[in-house]
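Before any comments, here is the structure.
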Amino acid sequence: FFDQDYIQQYYQAQ
Amino acid sequence: MFEAKFEDGGLFKKIVEAIKELVKNVNLEANGTGISLQAMDTSHVALVALQLNEKGFKKYRCEKSLTMGLSIENLQKILKCSGNDDQITLRTQDEEPTTLSFTFESKNRISEFQLNLMSLDQEQLGVPDTEYSSVVRMPSNEFTKICRELGNINEAIGIETSKEGIKFYVKGDIGEGQVSVKINDTEKPEERVECEVDEPVNLSFAVRYFNLFNKASALSSQVILSMSQDQPLVIEYIIEEMGSLKLYLAPKIND
């Protein structure tokens, strides 16, 4: 349903 | 030395209760400004961030920044030995403590416990201060109720904002439905619904996580939903006079 680690990757990429 | 005294120990218990199903082992960070915690949930979809400011404590002292690795399950076992009306003090003596001491204090009894600390390898994510295009404030119990009701129909819940208010919707195998919550400026702050919408959003989320987040509704009568299109949403519970608990969840990206 959701990408695992999406949040982690999102905030690391900021 | 680190010492932090909650006048209302029940509040600390509510915080632990709110996050216990989301995170297992966490690093509690203490420094001169207060206590914070940041952890990914066990499935790596949501992020939990807690901030408790030193001014909110009855007593607070932290001479050197500390990282305390805790098992939430074990922390809860210790907290079960306290009463809801107790004052709770957290304390460490050493610079690199191996245990965290707890003092539970009521009119008639003082209890002391030590919880063994763990060394956890957890990286801190940098969450920037973001301007969100839609910010909704609404009663936390109403949000809980809507999630529970719509979660019966489908595992995904849609959120759509507009200047008029916020709409929650579901489409499932059995049918579909929607709930619109109207803006109101009642004199009772806990019942207010406010929508600041610069750009409307239409996003979809796993309701299962909302149902887990909603355990935090005991912390605040209002919940703040901050959203921008295709960005993680933030659900925030303000902990009066102390800080806040923020829960970040990724939206469903592709239909």
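Some observations on this one:
- Fully extended contour minus Cα-Cα distance, from B:K252 to B:E21, at 0.36 nm per residue: 81.0 nm
- Shielding value for B:37-44 is 2, the average number of Cβ atoms from other chains within 10 Å of each residue's Cβ.
- Applying 1/(1 + (r/R0)^6) with R0 = 30 Å to the Cβ-Cβ distance of B:M1 and B:E194 gives a FRET efficiency near 0.10.
- Prolate/oblate/rounded call for the stretch B:102-152, Cα gyration tensor, a/c under 1.5 rounded: oblate
- When the C-alpha to C-alpha distance is required to be over 32 Å, the pairs from B:K5/B:K182; B:K55/B:K80; B:K55/B:K163; B:K80/B:K252; B:K14/B:K167; B:K80/B:K182 that qualify are B:K5/B:K182; B:K55/B:K163; B:K80/B:K252; B:K80/B:K182.
- Counted charge near B:R192, where neighbours are those whose Cβ lies closer than 10 Å (Asp, Glu -1; Lys, Arg +1): -3
- Seen from all directions on average, chain B presents a Cα convex hull projection of 14.8 nm².
- Cα-based shape type of the stretch B:1-46, given that a ≥ b ≥ c are square roots of the gyration tensor eigenvalues and the cut on a/c is 1.5: oblate
- Backbone phi angles across the stretch B:57-62, fed through the Karplus curve with coefficients 6.51, -1.76 and 1.60 (θ = phi - 60°), yield HN-Hα couplings of 8, 5, 9, 9, 8, 8 Hz in residue order; Gly and Pro are listed as x.
- P(r) histogram, all alpha-carbon pairs of the protein assembly as shown included - 5 Å bins from 0, percent: 1, 6, 12, 16, 18, 15, 12, 9, 6, 4, 1, 0
- Tensor-based shape of the stretch B:147-220 (alpha-carbon gyration tensor, a/c under 1.5 rounded, otherwise prolate or oblate): oblate
- Spin-label pair B:T130/B:T99, simplified geometry with 7 Å Cα→Cβ offset, distance in nm: 4.3
- Straight-line cross-link partners of B:K64 among the aspartates and glutamates, defined as a Cα under 19 Å from its Cα and at least 8 positions apart when in the same chain: B:E3, B:E29, B:E54, B:D94, B:E95, B:E96.
Where a number appears in this text, it was derived from the coordinates with a stated rule and is not lab data. Note that the structure is a prediction, hence the values are computed from the model and not measured. Virtual Cβ from ideal backbone geometry, glycine too; neighbours counted across all protein chains shown.
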